[in-house]
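Each remark here refers to the structure printed beneath this line.
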Amino acid sequence: MITQAHRRKGQQSGATPVFNEFNYDQIRDISSILPQETTGCLPHIKCRICLCWSYNILTSVIIEGTPSLGKRHNKSHTLCNRCGRRSFHVQKKTCSSCGYPAAKMRSHNWALKAKRRRTTGTGRMAYLKHVSRRFKNGFQTGVAKPQTAEN
């Protein structure tokens, strides 16, 4: 059983111990699974499970903080189909960066650097890069002009 000294030490550490009595064989089986540093005599703040061999007690310490929160379901944004950024809100079904699925791209006049990042010339310009050359020649289309004989 647990002595008064054990209880006082547990209260001083700031953690709230929960004491459950187990069979000695169960404790030995559990200790073979656990890493070495989790075995000890008294509950500590840093370890979550503490084995007391002298009293055959498995003591689990309840810790408030990161380990006790469990799995988090906190991905509110995923990849956007149009801009490729991780800005598409899963529940709202809109992209906070480009405004997808709206037809117009989202932009604000107060965000000059954001406009500069996605303006004309930052991409491939697959069509526009040929337009200036075609303009110089008067947008000629069709068959080439017949050659005239010059004397």
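Quick note: the coordinates plus some simple rules give every number you see, no bench work behind them. Note that the coordinates shown come from a computational prediction; the quantities given were computed from them, not determined experimentally. Neighbour counts run over all protein chains shown; Cβ positions are idealised from the backbone, glycine included.
Which residues, taken from region 116-150, are surrounded by 10 or more Cβ atoms within 10 Å (Cβ to Cβ), within 16 Å of R82 (Cα to Cα) and of a type in the set (K, R)?
The one that is surrounded by 10 or more Cβ atoms within 10 Å (Cβ to Cβ), within 16 Å of R82 (Cα to Cα) and of a type in the set (K, R): R118.
If a residue has to be under 22 Å from the mean Cα position of the chain (by Cα), surrounded by 13 or more Cβ atoms within 10 Å (Cβ to Cβ) and either of a type in the set (D, E, K, R) or assigned to a loop (DSSP other than H, G, I, E, B) (or both) to count, how many in region 87-115 make the cut?
Residues meeting the conditions: 7.
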